[in-house]
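Asks: Following this message is one structure expressed as structure tokens.
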Amino acid sequence: MVLLVQNTPFGDDPDNSAALANQVRALNARFAHHSATSVMRQALASKGRFALVSSFGAESVVLLHMAALIDKATPVLFIDTELLFTETLVYQNEVSERLGLSNLHIIRAPDISTHDPDETLHKTAPDACCALRKTTPLQTALQGYDGWITGRKRFQSGTRAALEFFEIEPKSNRIKVNPLAHWAAKDVVAYMEENRLPRHPLVAQGYPSIGCMPCTTPVQPGEDPRAGRWRQDDKDECGIHFVNGKMIPGKVEA
Ligand code: SF4
């Protein structure tokens, strides 16, 4: 079974939407006991129709490494919000070069100077800031793709506890693929150690989840790994992702 038959406008057509839902159900049933690599191979079998969206954060190198082993020309989309840690930008360069990724796209919003000229939107309206710097640029970049691959995992937070390998992004009807959905934190560490992959330098400083600099703080022992994200706000996703098929109210994602 090849993931998605492309050029099909699933959007507003109820028949196509139902077909897509059936396809995703079948994929989840078929791959229920398969490995992350197997799921990744399935997504990349559609040759360029699926992009890997990566933050080059704390655990991103795992999926980037898997993709590079399968096809170094896998489209990789990296959203540079222009408020990232310098360490993330340096790490992105190092990892891309080391893995030989040859189809990296750095995505930046074109209108930040108009809508957030003094870079304070994250304080006054974080959802609008995420929409401006992350969600809208990503959705624009994803046009032309059938779906995208994410590094989300069930253990990361309560909102991701029921995550499946394959899901439908409601508004676009694209397929989202989560090869690491069932991995535990120890699996991530083991993979990085076995493959001698470089760690994001901020992990050693107490950041198990890394986003934009103004909205990311270190995490204390025993806290949820994503507790350091938007610590001052009632917000735990940037709106790029949806939870159980629904967008988290007032949120945009990372
Ligand atoms: S994580 Fe913070 S700084 Fe980054 S886009 Fe969202 S609100 Fe803005």
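The values are calculated or read from the model by the stated rules, or taken from the named source; none is laboratory data. All values derive from a computational prediction rather than experimental measurement. Every residue, glycine as well, gets a Cβ built from its backbone with ideal geometry; the counts of neighbours run over all protein chains shown. Accessible surface areas use protein heavy atoms only, side chains included; no ligands, DNA or RNA. Shrake-Rupley method; radii C 1.70, N 1.55, O 1.52, S 1.80 Å.
Asks: Going residue by residue through segment 25-32, is there one that turns out to be farther than 20 Å from Phe155 by Cβ, without any contact (Cβ under 8 Å) to a residue 40 or more places away in the chain and in a loop (DSSP other than H, G, I, E, B)?
Replies: Within segment 25-32, none of the residues are farther than 20 Å from Phe155 by Cβ, without any contact (Cβ under 8 Å) to a residue 40 or more places away in the chain and in a loop (DSSP other than H, G, I, E, B).
Asks: Is at least one residue of segment 107-123 part of a helix (DSSP H, G or I), under 17 Å from Leu64 (Cβ atoms), at pLDDT 95 or above and open to solvent by 40 Å² or more (accessible area, probe 1.4 Å)?
Replies: Taking every residue of segment 107-123 in turn, none turns out to be part of a helix (DSSP H, G or I), under 17 Å from Leu64 (Cβ atoms), at pLDDT 95 or above and open to solvent by 40 Å² or more (accessible area, probe 1.4 Å).
Asks: In segment 158-207, which residues are touching a helix residue (DSSP H, G or I) at 6+ places or on another chain (Cβ under 8 Å), of a type in the set (Phe, Trp, Tyr) and outside any strand (DSSP E or B)?
Replies: Selection gives Phe165, Trp183, Tyr191.
Asks: Looking at segment 185-215, which of the residues that are more than 16 Å from the ligand (Cβ to nearest atom) and of a type in the set (Gly, Ala, Ser) is most open to solvent (accessible area, probe 1.4 Å)?
Replies: Selected residue: Ala204.
Asks: So, one more: If you check Val62 against the conditions, is it closer than 19 Å to Pro179 by Cβ, touching a residue at least 40 places away in the same chain (Cβ under 8 Å) and within 16 Å of the ligand (Cβ to nearest atom)?
Replies: Judged against the criteria, Val62 is not a match.
Asks: Same structure again: Is it the case that some residue within segment 138-147 is closer than 19 Å to Phe31 by Cβ, away from the ligand (no atom under 15 Å from the Cβ) and outside any loop (DSSP other than H, G, I, E, B)?
Replies: yes
Asks: Residue check, Pro110 against (1) over 19 Å from Met213 (Cβ atoms); (2) under 19 Å from the mean Cα position of the chain (by Cα); (3) within 16 Å of the ligand (Cβ to nearest atom), all met but one. Which one?
Replies: All conditions pass for Pro110, except number (2).
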